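The values are calculated or read from the model by the stated rules, or taken from the named source; none is laboratory data. Predicted model, so just to flag it, every value in this text is computed and none were measured. Here Cβ is always computed from backbone atoms with ideal geometry, including for glycine, and neighbour counts include all displayed protein chains.
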Amino acid sequence: MAGTALCLLAALLLLLATPAAAQAPLEISFWYGVGGQLEKIIQSQAEKFNRSQPGVKVVPFYAGAYGAGGPMQQKLLASIAAGSVPDVVQLEIHATCTFASKGALVSLDELMAKSRHDRKEDFLPVLTNTACEGKTYGIPFNRSVPILYWNRDRFQKAGISGPPKTWAEVAAIAPKLTQEGAGGPGAKVFGFMPINQWWFFQAMTWSNGGEMLSPDMKRAAFASESAVAGLRVWTDLIDRGHAQIRTGPTEFLQTIQDFVNEKTAMYWGSAADMGAVAAAKFEWRAALSPGFEGKPLVVPQGGANAVIMAKIAPERQKAAWEFIQWWTSPAEAAYWSRETGYVPVVKKALDDPDFKAFLKANPNHAVPIEELQYSRAAPPSPKYFQVLQLVQRAQQNIISNKAPALETLKSTAQQVDALLAAP
Amino acid sequence: MAPSLVLLGTFVVLPVLLDVPLSLMQYDMIAASGRWVGLQNYEALAADPIFWQAVGHTLELALGTTVPLLVLAILFGLVLNRRVRGGPVYRTILFVPYVIPLVASSIAWIWMLSSNGFVNEVLGLVLPVRGVTWLDSSTWALPGIMLVTVWQFVGYYTVLVLSGLQGIPREIEEAARIDGAGEIRLAWSVTLPLLSPTLLFCIVVSVIASFRVFDQIYVMTGGGPGTATMTLVFYLYQQGFGFLNTGAGASVSVVLLVGLMGVTWLQLRMARQWVTYQL
């Protein structure tokens, strides 16, 4: 009896000690920073990746909006201080250099050189703001450009044939598109709604021949007439009642909603809005961002990079790289772009016949890809996203508080100079 | 007692103690390294006009929330103390906002304070106002924050005042009535003086709370437009987490601590003039 029991116990112990035939997949955490519809797509893509292979399981986690100074970056700072960082993070492009310069991210040049489809030459011109001090630290995860959305039905009713190409044209047609509401201020339709954020200010400054920082990135260069011109168009339209802006932390989402609810005939937003704009019940179109007469259009890119945190174990870094490579494979890059409106990041995605057919059937989605050729990188300064927060505040003062534009930019430029001079 | 002392020590005393040396450093959160810079952070604060704007707005907020809160709490307390029919129902309705998470109510208030929102509709019925852009205007954004704060906390202070009122012996009120005191005289000369210890508590707590207002500003205005709703705590948050200037954030918190201690000491000092503990 004792012998049989002992044998059974030994067998049981052996069974427990033998590793399972199927290895449990390595779980890596992925922090992302987009909500709403985009979040659903990220979740479903993560599940798709997990199903596609047995070795790695990605656990996505919504860490708050990824914007500059937003909740996700604070959580990331807290996690670095606590010593337990996530594995892959969707990090805003202007903040990538800030974290990379302090050694928080893994450099990706070697991994990219050895990869199947993530070598530098595989990417469209979207490798802007992925490098810091000569090394690459991020892979473009989602990339957008500023896009003008316009309500074709209302344009036709007002006798306007196409979208405006310059800010002068915007100023000319917005009054024609404005409609006073019969039922009170709630029913008014504005001709134009801009979003008062630094991203758009950058676009207008560059498109008018201006600069944000000096070439050595030590001084501000945006306190100039070229930078003010676009803001003046906005304030002029707002003062005359043909435009309005939303304010507060949800201003971007509110403006998109206003366009969908026909509170405005056109708005200047992001390529990433297309999924949300598609809910509109009228005929809408995407167009290139307005520029300035006689000057080339120059726009910034927006979005985030997929980065790998430095303080994680080597096998987790490898697993993270697997996920990133899958995300940027031509088929998945095309899928992400189709579903969201973000530009596809790799060249081969454009060759995908399904994607080509999709672009033919949905010409709106081809506009951001066309605008890519006019995009350029923001200055890769580790302090840039702090500069942008100061610029944002100046914009709010100019547009909401009616402060004089050039003086406000000049005093902000002084603050930026002090910030850039500090060690 | 020991476990609560440990908790208090770890989460209250220790951070305050660590805060002071941090304010004398320039500390990088990502690299987790710092260097001593002496009083440089404090000098930078004194030289920053936005810091002084934040101080001004904080004081405005303290005044603009404490006064309405107290006046309303006393009014509601006096009325509810009269055993009106349905008194408990009104008490509950007044208290419900306090229970709603501030972030959730702030989100709802963004919509209510929009230019064609509920607040403007109601105001438009009694006053000749049209389309005030509350959170978008540098004059009306801070009053908007005050409105939300008062709405959120009036129930709390009403309950405090009510319990203070119920501690007043009925005999004194009856004696005053027999002596011929009318309602207002009764309230002014008998009820309020006996209520003054409770009122002192409410004032001190309300001022401290108003110095620490953060949720509403974070959700509704982000310190803006521009710097119109920049308060000390939001300035601290921007310095520490927006600009990654941890030392500067710590120095603001030290200023806040010292300032609040000073203000509270002043209030308790002045209390000797008007607080009566017995008639």
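Yes/no per residue for (1) under 20 Å from B:L69 (Cβ atoms); (2) more than 14 Å from chain A (Cβ to nearest Cβ); (3) in a helix (DSSP H, G or I); (4) within 15 Å of the chain's Cα centre (by Cα):
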position: B:S163; (1), (2), (3), (4): yes, yes, yes, no
position: B:L186; (1), (2), (3), (4): no, yes, yes, no
position: B:T191; (1), (2), (3), (4): yes, yes, yes, no
position: B:L195; (1), (2), (3), (4): yes, yes, yes, no
position: B:G223; (1), (2), (3), (4): no, no, no, no
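Checked against (1) within 14 Å of chain A (Cβ to nearest Cβ); (2) in contact with a Leu (Cβ under 6 Å, 6 or more places away or on another chain), B:Q53 passes all but condition (2).
The set of residues from the range A:327-385 being of a type in the set (D, E), under 25 Å from A:F30 (Cβ atoms) and without any contact (Cβ under 8 Å) to a residue 60 or more places away in the chain comprises just one member, A:D352. Looking at A:S161, A:S207, A:S214, just one residue is crowded, with 17+ Cβ neighbours inside 10 Å and of a type outside the set (A, V, I, L, M), and that residue is A:S207.
Scanning the range A:347-362 for residues that are under 23 Å from the mean Cα position of the chain (by Cα) and among the aliphatic types (A, V, I, L, M) yields A:A349, A:L350, A:L359.
For the range B:113-137, give me the residue count where each residue is in a helix (DSSP H, G or I) and over 18 Å from B:G222 (Cβ atoms). Of the residues in that region, 9 qualify. Can you confirm whether A:I245 is in a loop (DSSP other than H, G, I, E, B), within 14 Å of chain B (Cβ to nearest Cβ) and either more than 23 Å from A:A272 (Cα to Cα) or under 24 Å from the mean Cα position of the chain (by Cα) (or both)? Here the answer is yes, as A:I245 does meet what is asked.
Can you confirm whether the range A:230-245 contains a residue that is in the same structural domain as A:Q415 (by TED's automatic domain parsing) and without any contact (Cβ under 8 Å) to a residue 12 or more places away in the chain? Yes, some residue in the range A:230-245 is in the same structural domain as A:Q415 (by TED's automatic domain parsing) and without any contact (Cβ under 8 Å) to a residue 12 or more places away in the chain.
For the range A:88-105, residues that are surrounded by fewer than 22 Cβ atoms within 10 Å (Cβ to Cβ) and either touching a strand residue (DSSP E or B) at 6+ places or on another chain (Cβ under 9 Å) or without any contact (Cβ under 8 Å) to a residue 40 or more places away in the chain (or both) total 2.
Of all residues in the range B:227-278, those that are modelled with pLDDT under 90, in a loop (DSSP other than H, G, I, E, B) and either touching a Gly at 6+ places or on another chain (Cβ under 6 Å) or within 12 Å of chain A (Cβ to nearest Cβ) (or both) total 5.
Taking A:S411 as the residue in question, decide whether it is surrounded by fewer than 19 Cβ atoms within 10 Å (Cβ to Cβ) and either within 12 Å of chain B (Cβ to nearest Cβ) or part of a helix (DSSP H, G or I) (or both). Here the answer is yes, as A:S411 does meet what is asked. A Cβ distance below 8 Å, combined with a sequence gap of six or more or placement on separate chains, defines the contacts here; from the range B:25-48, residues that are hydrophobic (A, V, I, L, M, F, W, C) reach residues that are surrounded by fewer than 16 Cβ atoms within 10 Å (Cβ to Cβ) and in a helix (DSSP H, G or I) in the pairs B:M29/A:A81; B:A32/A:A81. Looking at the structure I just gave you, is A:G269 touching a Pro at 6+ places or on another chain (Cβ under 9 Å), crowded, with 24+ Cβ neighbours inside 10 Å and in the same structural domain as A:W198 (by TED's automatic domain parsing)? It is true that A:G269 is touching a Pro at 6+ places or on another chain (Cβ under 9 Å), crowded, with 24+ Cβ neighbours inside 10 Å and in the same structural domain as A:W198 (by TED's automatic domain parsing). Would you please name the residue that is nearest to B:V255 (Cα to Cα), looking only at residues in the range B:3-52 that are of a type in the set (S, T, N, Q) and assigned to a strand (DSSP E or B)? Looking at residues that are of a type in the set (S, T, N, Q) and assigned to a strand (DSSP E or B), I get B:Q26. On the basis of being within 14 Å of chain A (Cβ to nearest Cβ), touching a Pro at 6+ places or on another chain (Cβ under 9 Å) and without any contact (Cβ under 8 Å) to a residue 60 or more places away in the chain, does B:G131 make the cut? Against the criterion (within 14 Å of chain A (Cβ to nearest Cβ), touching a Pro at 6+ places or on another chain (Cβ under 9 Å) and without any contact (Cβ under 8 Å) to a residue 60 or more places away in the chain), B:G131 qualifies. Would you mind finding the one in B:V159, B:V219 that is in contact (Cβ under 8 Å) with a residue 12 or more places away in the chain, more than 14 Å from chain A (Cβ to nearest Cβ), within 19 Å of the chain's Cα centre (by Cα) and part of a helix (DSSP H, G or I)? When all the criteria are applied, what remains is B:V159. Suppose the filter is touching a strand residue (DSSP E or B) at 6+ places or on another chain (Cβ under 7 Å) and within 25 Å of A:Q197 (Cβ to Cβ); does A:A68 pass it? Here the answer is yes, as A:A68 does meet what is asked. Of the residues in the range A:331-341, at least one is crowded, with 23+ Cβ neighbours inside 10 Å, outside any helix (DSSP H, G or I) and more than 14 Å from chain B (Cβ to nearest Cβ).
Return yes when A:L91 is modelled with pLDDT of 85 or more, part of a helix (DSSP H, G or I) and within 14 Å of chain B (Cβ to nearest Cβ) and no when it is not. Spelling it out, it is not the case that A:L91 is modelled with pLDDT of 85 or more, part of a helix (DSSP H, G or I) and within 14 Å of chain B (Cβ to nearest Cβ). Out of everything in the range B:79-120 that is under 22 Å from the mean Cα position of the chain (by Cα), closer than 17 Å to B:G155 by Cα and surrounded by 15 or more Cβ atoms within 10 Å (Cβ to Cβ), what residue ends up being farthest from the other protein chains (Cβ to nearest Cβ)? If we take residues in the range B:79-120 being under 22 Å from the mean Cα position of the chain (by Cα), closer than 17 Å to B:G155 by Cα and surrounded by 15 or more Cβ atoms within 10 Å (Cβ to Cβ), then B:R91 is farthest from the other protein chains (Cβ to nearest Cβ).
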